[in-house]
Amino acid sequence: MSLRAIVVDDEWLALQKMKKLLEEQISSDYSLELVGGYQDSYSAIETASKETLDLAFIDIEMPELDGFELAERLLDVQPNLRIIFVTAYHEYAVKAFEVNALDYIMKPVHHDRLTKTLQRMIDSGNTGIAANKGTNRTMLCCLQNLHYVDQCGDTQPFPWKTLKAPELFAYLVHYRDKTVSKQSLIDLLWPDYDTEKATTQLHTAIYQIRKIIKTAGFDLEIKYKDEGYRLIWGEMRLDAEEWENSVRQLPPISSESVEKYQSIMVSYTGDFLEEHRYQWIEYEQERLRLIWLDPVKQLAEYYASLGQYTDAILLYQQIRERLPFAEDGYFGLMRVYDKLNYQLEVRKQYQLISDILQEEFDGEPSQELTEWYLEWSKGPN
C-alpha cells in the first residue's frame, strides 16, 4: 500500500524531526511518501486542494488555526483523509480525544510509536470510503431512539463514547442539507463552557460522528463551510421520512387497504427521538404525532363501523395517551362506549378531557363535543 502524507507543526524543530522520522519509515506492508511539511496551516490546506493525501500529522496547539480547526478544513477538502494528532498534551487530555482521529502521538515522538500508528492504519484496511456505502438497505432510524439498520437488515446501536455526540448527530440529521452555524451548536450543547473549551468539545464530537459514518458505510458527509456544519444527505434512508411518505400515499380505508393502515401503526415505533428527551425536537415530535393521528382515527372508526369495538377502543386509548390534550381519543371512546351502553365510561371520558383543558389551558371542550355530550345526556341514561 502506498501512503501519501503531510506534516503540519508551527515549531520548526518539531516539524523537521517528524519529517525525518517519516522518511525513515520502511515496511513491507506500505511505502510512505512525504508530500510536504508546513509551519503554515493555510499552505497545508492549499496542498490538500491539489494533491491526493492519505495521512496528515497535525500539531494541536498552533496560532491562527489550531489543529482541530485545520483538520476540519482538510477534511472538507478530502473527506477520506486520516488525521493523526501530534501533541504535548498530558495523557489524561489525550484520552479525552481518542474518539476523534486515527491516533494521537505524544511529543517527543519516537520511531517505534510512529510505526505502531502507521501499522494501525494498515490494519484498519480503510483509507477510503467504505465499500458498502449507500446501499439501499441501510437505514438511519430516529423513531423512538437513534439507531440504524445495516445492509444485512440487522438493527444496530451506535457505539457512542461521549454524551453530546449523539445529540449533535441527531440535530444535524434533523436539519440535514442545511448549514448550522458553529455558534448555534455551541449555544445548544455547551452553553456553560468558555469558547475555547466548547470549540474543542464540538470538534471532538464532529470527529466521532465522522468516524461512525465512515465505519457504518453511511452515504452521509459532514461539510464545514462558512463557520458552520452541514450534513450532506446522500442515498441514506431515514425511517421517519419513509414512514411519513407512506402515510401520505395511503388510499381511502376499505377492506382492501386496511392492512396498509395496520402496517402504518406497526411501523410507528415511537415518537421522533422519544427516548432521548431533547427539548429542541418537541416541535418535530408534535408534527409527526399529528400526521400519525389521521390514519389511526380512520382505522379506529373503521373498526367501530364493523362492530370491532375492542380494536377501536385500543386505538382510541393510544390516541389519548400519545395526544393527551387532543379531544380525538376521548371523543372516540365516548362514542364507542355509547354503542356499548357503558354510561359511566362516557361520563368519565368527558370529565377527563374537561379537567385537562381547564387545568392546562383554562379552556373547555369544543362546541361539537359539548353538544354531542349534552344531546347524549338527554337520552335514557
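What follows is calculated from the coordinates using simple rules that are stated; it is not laboratory data. Since the structure is predicted, the reported quantities are computational estimates derived from the model, not experimental observations. So basically every Cβ, Gly included, is an ideal-geometry build from the backbone, and we count neighbours across all protein chains shown.
When Cα Rg over 2.2 N^0.38 Å is calculated directly from the model, which label among (i) 1.35; (ii) 1.16; (iii) 1.21 fits? Entry (i).
So which chymotrypsin sites (Phe, Trp or Tyr not before Pro) in the range 301-373 end up in coil per DSSP with only 13 or fewer other C-beta atoms within 10 Å?
Details: sites: Tyr302, Tyr303, Tyr309, Tyr316, Phe325, Tyr330, Phe331, Tyr337, Tyr342, Tyr350, Phe361, Trp372, Tyr373; in loops: Phe325, Tyr342.
Of the chymotrypsin sites (Phe, Trp or Tyr not before Pro), the ones in loops of the range 301-373 whose Cβ has at most 13 other Cβ atoms within 10 Å are Phe325.
Computed from point charges on the beta carbon alone (+1 for Lys and Arg, -1 for Asp and Glu), the dipole magnitude for the chain about its Cα centre is near 920 Debye. Would you please state the base-10 log of I(q)/I(0) at q = 0.12, 0.21 1/Å for the range 320-381, with intensities from the Debye formula using one equal scatterer on every alpha carbon? So the normalised log intensities work out to -0.26, -0.79. Can you give the net charge of the other residues whose Cβ lies under 12 Å from the Cβ of Val77, counting K and R as +1 and D and E as -1? With Lys, Arg at +1 and Asp, Glu at -1, the net is 0.
The HN-Hα couplings worked out from phi for the range 292-300 by the Karplus form 6.51 cos²θ - 1.76 cosθ + 1.60 (θ = phi - 60°) are 5, 4, 4, x, 5, 4, 4, 5, 5 Hz, whole numbers, x standing for Gly and Pro. Counting only residues 5 or more places away or on other chains, whose amide H sits under 5 Å from the amide H of Tyr148 once H atoms are built in the peptide plane? Residues meeting the amide H criterion: Cys141, Gln156. Select from the range 203-299 those trypsin sites (Lys or Arg not before Pro) which occupy a DSSP coil region and have at most 15 other Cβ atoms within 10 Å, ordered by residue number. In loop regions of the range 203-299 (DSSP not H, G, I, E or B), the sparsely surrounded trypsin sites (Lys or Arg not before Pro) are Arg277. For Lys260, the lysines whose Cα falls under 23 Å of its own Cα, not counting residues fewer than eight places away in the same chain, are Lys297.
Under a 5 Å amide H cut-off, with hydrogens placed 1.01 Å from N, Arg4 pairs with Glu33, Asp54, Leu55 among residues at least 5 apart or on other chains.
Summing Lys, Arg as +1 and Asp, Glu as -1, what charge do residues with Cβ under 11 Å from the Cβ of Thr269 carry, Thr269 excluded?
Details: positive: none; negative: Asp239, Asp271, Glu274, Glu275.
In short, -4.
With the contact rule set at Cα under 8 Å and sequence spacing of 6 or more, what percent relative contact order holds for the chain?
11 percent
Each residue of the range 341-352 is assigned a 3J(HN,Hα), and the resulting list reads 6, 9, 5, 4, 5, 4, 4, 4, 5, 5, 5, 4 Hz, derived from the Karplus form 6.51 cos²θ - 1.76 cosθ + 1.60 (θ = phi - 60°), x at Gly and Pro. Mean sequence separation of contacting Cα pairs (under 8 Å, at least six apart), scaled by the length of the range 1-50, corresponds to a relative contact order of 49 percent. In whole angstrom, the range 233-325 maps to an equivalent ellipsoid with semi-axes of 25, 18, 9, each derived as √(5λ) from the alpha carbon gyration tensor and ordered largest first.
Of all aspartates and glutamates in the structure, those lying under 14 Å Cα to Cα from Lys223, and not within fewer than 8 positions of it along the same chain, are Glu69, Glu72, Asp76, Asp177. Name the most mobile residue of Ser267, Ser305, Ser49, meaning the one with the largest mean-square fluctuation, in a Gaussian network model of the chain with Cα contacts below 10 Å. Maximum among the listed residues: Ser305. Cross-link pairs exceeding 23 Å in C-alpha to C-alpha distance, out of Lys17/Lys211; Lys197/Lys225; Lys50/Lys225; Lys339/Lys378, comprise Lys17/Lys211. Each other residue within a Cβ distance under 14 Å of Glu23 adds +1 if Lys or Arg and -1 if Asp or Glu, for a net charge of +2. Annotation: lysines with alpha-carbon distance below 22 angstrom to Lys20 (same-chain offsets under eight excluded): Lys107, Lys116.
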